[in-house]
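Only one structure is covered here, and it is reproduced in the block below.
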């Protein structure tokens, strides 16, 4: 099972949740429409580690989302959307994609700040996974 499948499990599920925002995917051209909110996704997997002498490896990682809302409209709507996303990923939730399974460990909202005409709310969704050794 590959890390790529875990990537797809996260991204596919996030898009399927339909949070009502366009998604700016990693390394894909995205030109936001001025004044329209959107979300940017980035996955940060950590190293793959063996689980004893078995044929299983483990890893963990973080799915980061950054909400982009126009500045000057207050913080509530953006922070409420972050909470809606967190509610869809409670600790213990299982995601599967093409034989890859990961488990949500928790989440946090470490920062919210204005930058370049956007109010950005950053959210982190932590996960663990077991992988069949290749």
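Before we move on, is residue 21 closer than 23 Å to residue 119 by Cβ, at pLDDT 90 or above, within 17 Å of the chain's Cα centre (by Cα) and surrounded by 15 or more Cβ atoms within 10 Å (Cβ to Cβ)?
On the way: closer than 23 Å to residue 119 by Cβ: yes; at pLDDT 90 or above: yes; within 17 Å of the chain's Cα centre (by Cα): yes; surrounded by 15 or more Cβ atoms within 10 Å (Cβ to Cβ): yes.
So residue 21 passes the test.
Out of the residues in the stretch 40-61 meeting the condition of being without any contact (Cβ under 8 Å) to a residue 40 or more places away in the chain and touching a strand residue (DSSP E or B) at 6+ places or on another chain (Cβ under 7 Å), tell me which one is nearest to residue 95 (Cα to Cα).
If we take residues in the stretch 40-61 being without any contact (Cβ under 8 Å) to a residue 40 or more places away in the chain and touching a strand residue (DSSP E or B) at 6+ places or on another chain (Cβ under 7 Å), then 43 is nearest to residue 95 (Cα to Cα).
So residue 107 fits all but one of (1) within 13 Å of the chain's Cα centre (by Cα); (2) surrounded by fewer than 18 Cβ atoms within 10 Å (Cβ to Cβ); (3) without any contact (Cβ under 8 Å) to a residue 24 or more places away in the chain; what number is the exception?
(2)
Take the stretch 51-83 and flag every residue that is touching a helix residue (DSSP H, G or I) at 6+ places or on another chain (Cβ under 8 Å) and modelled with pLDDT under 95.
59, 61
Do we find a residue being part of a loop (DSSP other than H, G, I, E, B), farther than 14 Å from residue 123 by Cβ and touching a strand residue (DSSP E or B) at 6+ places or on another chain (Cβ under 9 Å) anywhere in the stretch 8-19? Working first, answer last.
We begin by selecting, within the stretch 8-19, every residue part of a loop (DSSP other than H, G, I, E, B); these are 18-19.
Next cut, farther than 14 Å from residue 123 by Cβ only: 18.
Add one more test, that the residue is touching a strand residue (DSSP E or B) at 6+ places or on another chain (Cβ under 9 Å), and what stays is none.
No, because not a single residue in the stretch 8-19 is part of a loop (DSSP other than H, G, I, E, B), farther than 14 Å from residue 123 by Cβ and touching a strand residue (DSSP E or B) at 6+ places or on another chain (Cβ under 9 Å).
Could you please find all residues in the stretch 78-96 being at negative phi, free of Cβ contacts under 8 Å to residues at least 24 places away in the same chain and in contact with a strand residue (DSSP E or B) (Cβ under 7 Å, 6 or more places away or on another chain)?
90, 91, 93, 94
Scan 72, 123, 35, 52 and give me the residue that is part of a strand (DSSP E or B) and either loosely packed, with under 14 Cβ neighbours inside 10 Å or under 14 Å from the mean Cα position of the chain (by Cα) (or both).
123
I need a count of the residues in the stretch 95-105 that are farther than 19 Å from residue 19 by Cα and in a strand (DSSP E or B).
7
Quick check on the stretch 78-87. Is at least one of its residues exposed (fewer than 15 other Cβ atoms within 10 Å of the Cβ) and part of a strand (DSSP E or B)? I'd like the intermediate steps shown before the answer.
Here is the first cut: in the stretch 78-87, the residues exposed (fewer than 15 other Cβ atoms within 10 Å of the Cβ) are 80, 83-84, 87.
Now narrow it down to the ones that are part of a strand (DSSP E or B): none.
No, that holds for no residue.
The values are calculated or read from the model by the stated rules, or taken from the named source; none is laboratory data. Since the model is a prediction, treat every value here as computed from it, not as a measurement. Every residue, glycine among them, receives a Cβ derived from its backbone with ideal geometry; neighbour counts consider all protein chains shown.
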